[in-house]
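Step one of this worksheet: look at the structure below.
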Amino acid sequence: MSFVRGLKCRECGREYPVEPIYVCEFCFGPLEVVYDYDSIKKVMTIDKILSRPKSLWRYRELLPVDGEPVVGLNSGFTPLVKADNLAGVLGVKQLYIKDDTVVHPTLSFKDRVVSVALTKAREFGFDTVACASTGNLAHAVSAQGANAGFKRFIFIPATLEYSKIVASLVYEPNLIAVDGNYDDVNRLCSEIANKYKWAFVNINIRPFYAEGSKTHGHEIIEQLGWRAPDNVVVPCASGSLMTKIWKSFKEMKEIGVLKELNTRVFAAQATGCSPIVAAIKSNSDIIRPVKPDTIAKSLAIGNPADGYYATKVVKESGGYGEDVSDEEIIDAIKLLAKTEGIFAETAGGVTLAAAKKLIETGRIDRDKTTVICITGNGLKTQEALVGHTGQPYHIRPNLASFEECLKGIKKGGQ
Amino acid sequence: MAVIVRIPTPLQRLTQGKEEIEGRPGSIMDLINDLDGKYPGIGERISEGGKIRRFVNVYVNEEDIRFLKAEETEVKDGDVVSIIPAIAGGI
């Protein structure tokens with residue numbers, strides 16, 4: 001049973017039935033899923049959530065599917081790590097990492113959105129799924145689409161890291177490498193989506209797909225003991241994740257699971273692609289598109305579709321935004337690894353480095369509870385660290401050689 | 001020759017199902033006004049008060065007009081203009 005009332009234009013409020021459509025015919029505003037929260041409130045209790053398997057589908061009343069989920073039955077419910085070592089370094093009291101480096105099966109939060117998108121694509125009767133991707137989405141659609149028996153067309157910028165290309169190809173999708181950046185790929189895909197009747201998860205399935213991001217936020221609430229954090233720091237590319245995390249917090253309050261909501265939401269971007277943070281810093285809601293130039297390729301969207309709404313979330317919640325250099329990104333990846341044993345992709349470096357700046361500048365209160373959203377695994381972007389890590393000690397296969405090496409390690413090693 | 005304008009699905013009802021239509025050279029706003037003459041209603045869907053709507057992206061020969069001269073960008077015969085709703089992706 002579904003609690004979806006329909007789709008609604010975020011700009012002009014016109015309502016539409018549940019179909020694979022994504023923009024308002026009148027003003028081109030994005031369509032969003034609206035729910036009947038009064039009915040959800042009656043059936044979705046904390047006890048009921050706790051009785052369900054530990055996957056993103058435990059919040060299914062708040063997801064836009066009609067029948068039983070068919071994709072991502074093991075996705076979601078990643079750890080909320082209490083990061084005491086990192087908190088010590090940053091000088092804050094309560095710090096948590098929401099660790100989506102370990103989402104099943106492809107190690108990024110995109111497994112969440114794709115679980116919902118492909119379940120919905122099946123309900124709509126599509127046999128082919130497609131996406132425009134900076135890498136993580138390509139992996140999730142390739143893998144979960146293989147498992148669910150869909151034909152798959154995956155469009156990526158040709159400059160993507162080699163390891164990300166291999167990690168798509170192994171699932172044998174039709175992988176199309178486009179000469180151009182992500183914005184070029186996206187523009188091309190929207191023209192292809194006009195012509196071919198496929199389920200493009202981030203185009204005509206977008207209203208449903210994007211709802212899957214909310215489960216990252218639902219889980220934070222549950223894992224904090226049914227309360228919301230004081231601060232949450234979220235990486236922004238299109239701005240979609242940030243708006244959906246905020247929506248997830250608000251709806252947990254709406255259905256009575258959350259008693260209070262005073263969270264400040266903070267945006268993190270790389271300086272080489274920071275149209276959302278630039279708008280936040282200049283106290284504007286006008287997003288000026290940029291040509292991305294950053295090692296954080298999964299955040300390199302110069303023309304963020306939900307940027308306008310991301311600035312609204314920051315304003316409404318009393319948050320702020322921060323941008324960080326490539327060097328700061330690499331330092332933050334290493335800091336998270338050596339303090340908490342978590343290897344994040346470049347986007348995770350962006351988020352932690354931005355959080356660090358927000359703490360140092362007093363935008364984030366050191367005495368409050370802060371959650372940092374880490375959205376993908378560092379094994380996917382190892383190229384970014386080449387030349388920025390230490391080197392192994394090389395020895396001959398005998399004890400004397402090892403002990404010689406050990407002397408050097410004892411003098412200056414860790 | 002004329003300016004070629006690619007029309008997205010949500011607007012094709014106004015163009016009798018045509019995916020591509022032809023328009024007159026000039027600034028982007030001149031072009032939109034010209035199209036609105038031939039296909040009434042299309043102008044207000046794409047623009048409001050002489051400005052392109054927030055969730056509409058306009059490309060001239062694959063370049064976003066916000067990197068050119070925005071609404072004042074000039075188009076000439078043979079140019080291809082794409083009108084595309086903003087779409088999400090990434091994080």
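The values are calculated or read from the model by the stated rules, or taken from the named source; none is laboratory data. Computed from a predicted model, the values in this text were never measured in an experiment. When we count neighbours, we look across all protein chains shown, and the Cβ atoms used for this are built from the backbone with ideal geometry, even at glycine.
Residues in region A:1-24 that are at pLDDT below 90, over 23 Å from A:Gly67 (Cβ atoms) and either among the polar types (S, T, N, Q) or exposed (fewer than 14 other Cβ atoms within 10 Å of the Cβ) (or both): there are none.
Of the residues making up region B:56-89, just one is assigned to a loop (DSSP other than H, G, I, E, B), surrounded by fewer than 21 Cβ atoms within 10 Å (Cβ to Cβ) and within 11 Å of another protein chain (Cβ to nearest Cβ), namely B:Glu62.
Here is a yes/no grid of residues against (1) buried (at least 19 other Cβ atoms within 10 Å of the Cβ); (2) at pLDDT 95 or above:
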position: A:Ile192; (1), (2): no, no
position: A:Phe200; (1), (2): yes, yes
position: A:Gln223; (1), (2): no, yes
position: A:Val234; (1), (2): yes, yes
position: A:Leu261; (1), (2): no, yes
position: A:Ala267; (1), (2): yes, yes
position: A:Gly272; (1), (2): yes, yes
position: A:Ile276; (1), (2): yes, yes
position: A:Ser284; (1), (2): no, no
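Comparison of A:Ala279, A:Ala268 shows that the only residue that is part of a strand (DSSP E or B), more than 9 Å from chain B (Cβ to nearest Cβ) and within 24 Å of A:Thr346 (Cβ to Cβ) is A:Ala268. Only a single criterion out of (1) more than 25 Å from B:Ile84 (Cβ to Cβ); (2) more than 9 Å from chain B (Cβ to nearest Cβ); (3) at pLDDT 95 or above is not satisfied by A:Val166, namely (3). Taking region A:292-387 as the region of interest, the helices (runs of 4 or more DSSP H) fully inside it that hold 1 or more residues being within 30 Å of A:Tyr162 (Cα to Cα), within 12 Å of another protein chain (Cβ to nearest Cβ) and not β-branched (Val, Ile, Thr) are A:307-317, A:346-360. Every condition in (1) touching a helix residue (DSSP H, G or I) at 6+ places or on another chain (Cβ under 6 Å); (2) more than 22 Å from A:Val141 (Cα to Cα); (3) modelled with pLDDT of 95 or more holds for A:Lys42 except the one numbered (1). Restricted to region A:66-155, the set of helices (runs of 4 or more DSSP H) holding at least 1 residues that are of a type in the set (D, E, K, R) comprises A:84-90, A:110-124.
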